[in-house]
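A short worksheet on the structure shown next.
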Amino acid sequence: MPTRRVLVSWIGYADFRALAATLPPDRAAEVLRGLNPPTPLSGQAGPLKTLLDHERFDAVHLLTSHTGPRNRWYAEWVGGGPVLHRVTVRNPTDYVEVFGLVDGALAGVVGLPRAAGEELCVHLSPGTPTMTAVWVLLGKSKYRPATFYQTHEGRAWVTTVPFDLVVDYVPTVLRDADARLQALAADGPQDVAGFEAVAGDGPAVRLAVGRARRAARRDVSVLLLGESGTGKELFARAIHAASPRRDRPFVAINCAAVSRELLESEFFGHKKGAFTGADRDRDGAFTAADGGTLFLDEVGECDPAMQAKLLRVLQPPADGPPCLRAFSRVGDTRPLSSDVRVIAATNRDLLGGVAAHQFREDLYYRLAVLTVKLPPLRDRRGDVPAIAGRLLERINREFARQEPGYRPKRLSAAAVRFAAAHPWPGNVRQLQNTLTQAAVLTDAEVIDRRDLEDALAEVPGTRAGVPDLLGLPLGNGFSLARHLEEVQRHYLRRALAEAGGVQRRAAQLLGYKNYQTLAAQLDRLRVEKPDR
């Protein structure tokens, strides 16, 4: 089978300067606008065209942060029909930002796993040193193997980078310092019985699956931690499916969606006449889940009185099995018992709540015998194509069931790249809503980038992909304090990004009198401080 060679590269300043030397003065001025130095590169082809003149590639993908017609003019000049990827680079020396952009682009261009017979080629010469370093890191690890090219003074050659992160360094680091994590992350979700519904194969989700898999085998309480929309209920169901309780009931309660007055009845049941509207005896979730699993979603929303009752029921008898629960229905003194394994979940900082005396410390440790932290989607960019594909398959099946003759939709390469690069503040839930809306509104069988952008702007609670905290519905678990904190986190991250990680400058942008105030807010709201 012949090898298909795919080149990926930035378009650098020298490339545009070389183009400018071939253009009329008015177009040359447009190409040179904003470049450093803004002078034509006469008598030279520039790094990228030099490579394309010397080597043959089956596909060429060019990343550019430049605006205006210069990108199109450059693509026409170098020839061969290159695919342009327009990205926004706020700071070309910021490793975090550049890594996210390049990782998203590579995920869309070659994907993981890579197609058989495809060779990834990377041009290292254009762009900043940060961009070059990121190419090497990704080409030697996540997207290995890659062939690296360099050009200079009209010459082009394959350059050898004499190390391999995966082969030479990672095994040693894992063996010497983190062998336990290596064992936990050894298998992807598709290789673990019960977790097949979890999409993606990145290291963060592998580690989460490894921890959850260990917990599933034993009758211990599990606390799932993660932002809204990261799939906590999906993981709870996977833990249940992988456990010896898989054939018994799985019962889920959203503690934030049930009124404070009725939550106790939801948990333990009630006796007829216990309160207004209790016209018959009713079993609660602990009874319904007997022999199986009870999932308490948003457990951090329970008030102090309910926390005390939960603590009491989660305390097993001294001589009984660990999951034996003793309780009474509301309005009844007759003791009941059930064998229930509890999995809880929250998007709140429960330890912070403990410190602020908002959540009981003893209940926290009763729930968190083992914790599993689920990563947000912005930390799983490499998994986004697989997740989006899985979600779209589900949407297609549902629409086909509802609408005879429905034509299944698929994502274009540009749409996949956009999805992989987008931060998705609403995580998987926001991605699913966006795909659903795009599938509804798109007549064609292919959902393109523009379709996703249009759908993203229309998803309730978002504005251009950013949570609309002024338009969220009240009630049903709404917390003003929590959403005000999200507003603060948004502007703290934005100020740090615009200040290039310099806290003193970020403090000025935010109107703080000194950077110590900013540092205190970053610690309080657990906003990661970027490296300068």
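The values are calculated or read from the model by the stated rules, or taken from the named source; none is laboratory data. As the structure is a prediction and not an experimental result, all values here were calculated from the model. Here the Cβ is made from the backbone with ideal geometry for all residues, glycine too, and neighbour counts use every protein chain on show.
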Within region 290-307, residues being out of contact with any Asp or Glu (no Cβ under 9 Å at 6 or more places or on another chain), within 18 Å of Asp219 (Cα to Cα) and of a type outside the set (Val, Ile, Thr) number 2
What number of residues within region 56-76 satisfy the criterion of being buried (at least 17 other Cβ atoms within 10 Å of the Cβ) and part of a helix (DSSP H, G or I)? 5
Say whether the condition of being under 12 Å from Val527 (Cβ atoms), modelled with pLDDT of 75 or more and not assigned by TED's automatic domain parsing to the domain that holds Glu298 is met by at least one residue in region 478-486. yes
Residue ID - farthest from Glu298 (Cα to Cα), chosen from residues in region 478-532 that are among the basic types (Lys, Arg) and touching a residue at least 60 places away in the same chain (Cβ under 8 Å): Arg526
Looking for whichever is under 25 Å from Leu224 (Cβ atoms), without any contact (Cβ under 8 Å) to a residue 12 or more places away in the chain and out of contact with any strand residue (DSSP E or B) (no Cβ under 9 Å at 6 or more places or on another chain) here; the options are Ala356, Ala386. Which one fits? Ala356
Please go through region 1-55 and pick out each residue that is surrounded by fewer than 24 Cβ atoms within 10 Å (Cβ to Cβ), touching a Pro at 6+ places or on another chain (Cβ under 7 Å) and not in a helix (DSSP H, G or I). Gly12, Ala21
Of the residues that sit in region 420-440 and are modelled with pLDDT of 90 or more and aliphatic (A, V, I, L, M), which one is surrounded by the most Cβ atoms within 10 Å (Cβ to Cβ)? Leu435
Among the numbered criteria (1) more than 28 Å from Ile239 (Cα to Cα); (2) in a helix (DSSP H, G or I); (3) not small (Gly, Ala, Ser), which single criterion is violated by Thr287? (1)
Do we find that Val209 is over 26 Å from the mean Cα position of the chain (by Cα) and among the hydrophobic types (A, V, I, L, M, F, W, C) in this structure? no
Please determine whether any residue of region 151-158 is surrounded by fewer than 16 Cβ atoms within 10 Å (Cβ to Cβ), modelled with pLDDT of 90 or more, more than 24 Å from the chain's Cα centre (by Cα) and aliphatic (A, V, I, L, M). yes
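How many residues does region 185-199 hold that are at pLDDT 85 or above, farther than 17 Å from Gly292 by Cα and crowded, with 19+ Cβ neighbours inside 10 Å?
Qualifying residue count for the region: 3.
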Would you be able to say whether some residue in region 109-116 is within 24 Å of the chain's Cα centre (by Cα), surrounded by 15 or more Cβ atoms within 10 Å (Cβ to Cβ), at pLDDT 85 or above and not in a loop (DSSP other than H, G, I, E, B)? yes
Determine which single condition Glu361 fails, assuming it passes every other condition in (1) at pLDDT 90 or above; (2) over 26 Å from the mean Cα position of the chain (by Cα); (3) in the same structural domain as His422 (by TED's automatic domain parsing). (3)
Hey, can you tell me all the residues within region 238-252 that are free of Cβ contacts under 8 Å to residues at least 60 places away in the same chain and not small (Gly, Ala, Ser)? Pro244, Arg246, Asp247, Arg248, Pro249, Phe250, Val251
Just a yes or no: is a residue in region 445-452 β-branched (Val, Ile, Thr) and either more than 23 Å from Glu97 (Cβ to Cβ) or surrounded by fewer than 17 Cβ atoms within 10 Å (Cβ to Cβ) (or both)? yes
